[in-house]
1. With θ taken as phi - 60° and the coefficients 6.51, -1.76 and 1.60, list the Karplus ³J(HN,Hα) couplings across segment 273-278 in order, rounded to whole Hz; mark glycine and proline as x.
2. Fewest first, what order do 99, 308 take by the number of other Cβ atoms within 10 Å?
3. What ranking do 233-241, 112-120 get when scored by the average of other Cβ atoms within 10 Å per residue, highest first?
4. Could you run the Karplus curve 6.51 cos²θ - 1.76 cosθ + 1.60 with θ = phi - 60° over segment 119-132 and give me ³J(HN,Hα) per residue in whole Hz, x for Gly and Pro?
5. Could you give the length gained by full extension between residue 195 and residue 248, i.e. 0.36 nm per residue of separation minus their alpha carbon distance, to one decimal place?
6. Roughly how many nanometres apart are two label points built 7 Å out from the Cα toward the Cβ at residue 47 and residue 129?
7. Report, by chain and number, residues whose modeled amide H sits under 5 Å from the one on residue 74, excluding near sequence neighbours (fewer than 5 apart, same chain).
8. For segment 76-280, what is the convex hull volume of its Cα atoms per residue in Å³?
Amino acid sequence: MSFSTNGIRISLVLIMLCGVFFFFNKKPKFLVPLKHINQRSRWVYNIFLWIFILCVVLLPLRVSVVSDKHVVVDKNIPIQIILDVSLSMAANDLSPSRFVAAKKSLISLIQQLDGYYISLITFSWKPFVYVPFSSSSSAIVAKLHSMNLGDFPPVKDFLWTAIGDAMLLGVENLQQFTNQETYKPGIVILITDGDSNIWFDPMQVVSYYQKTAVPLFVLGVGQENYLIGRDSWNDEVTTNINLTLLQQLADKTWGKFYRVLGEKSFDSFFSELSQNIVSHQQQKIQNIFWELNDYLVYILTFSLLGLFIFRFYISFYLTKNNNKNL
């Protein structure tokens, strides 16, 4: 049991109103001649008055009573997804493209993990939080449906693959969220088809993952040295994925490395991952409380309305009828 500050303030105001009601109850002749007030009317009036006073006294108290219990599934593993959106993700060795195949499988994963907190970071040259942490799978899925690789134009910024920077932003974003909520460390999923070729060395960021006990699941997407086109000098442009680096990142962070060479590989990984996450769900019994104050407000309003109605009834209706009988 505790006290409500707002309840105390409201009660102090209503106490003065109680005094007014008591005065006119003891001295009714100030409003209506005493001979026009019958005992039954005063008895009903007193009932409403005492109900009103009781509510005013109890209103400052926060009284909670356990009314029921129910089982709650504790989905306490936040998931940080890091998606490569560099130009090479447009390669069509995965139909219709690596990017579309990855997006389609991610949508399926998020729908399976409805209720979990999930965030999405996109990166090429510079990583940024594309979708902040949210437990609304429908909102995240809607955002993914509207996302296209054309949102990240093939200019200089999207020709590089800053895996180290993306990993660093991913674990920092995850830690900021878990510090605000009572969640487990969470996991990070890295989806890339390239090699780290700018900014931080990913192996330097691994120590941060080890310190925070965050496992990194790595998906290496697409074929090696896959031809995606020719440049302005008519030279071949091929994809370049560093499988050795990606394997080491997963091994050193207690995660897993998955080779993705087709859409089925995506589905297989995400199916296994979702089953693993769901298997760590915890169930707990949560009390459902009956809050007295929620009902006091209605009772207070009803009794106050009753007082005014009976005062109006006594003041006008009875006086009018008694005048007719004279």
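1. 5, 5, 5, 5, 5, 4
2. Working: 99 25, 308 12.
In increasing order of surrounding Cβ atoms, one gets 308, 99.
3. Values: 233-241: 12.9, 112-120: 19.4.
In decreasing order of mean packing, 233-241, 112-120 become 112-120, 233-241.
4. For segment 119-132, the Karplus curve yields 10, 10, 10, 10, 7, 8, 7, 10, x, 8, 6, 7, 10, x Hz.
5. Values: separation 53, 0.36 × 53 = 19.08 nm, distance 1.28 nm.
Additional length available on full extension: 17.8 nm.
6. 5.8
7. Distant-sequence amide H within range of residue 74: 282, 283, 284.
8. So the per-residue Cα hull volume is 105 Å³.
Taken together, the values in this text are just the output of simple stated rules run on the coordinates, not laboratory data. These numbers were taken from a predicted model, which means no experiment stands behind them. Positions of Cβ are backbone-derived with ideal geometry, glycine not excepted, and every protein chain shown enters the neighbour counts.
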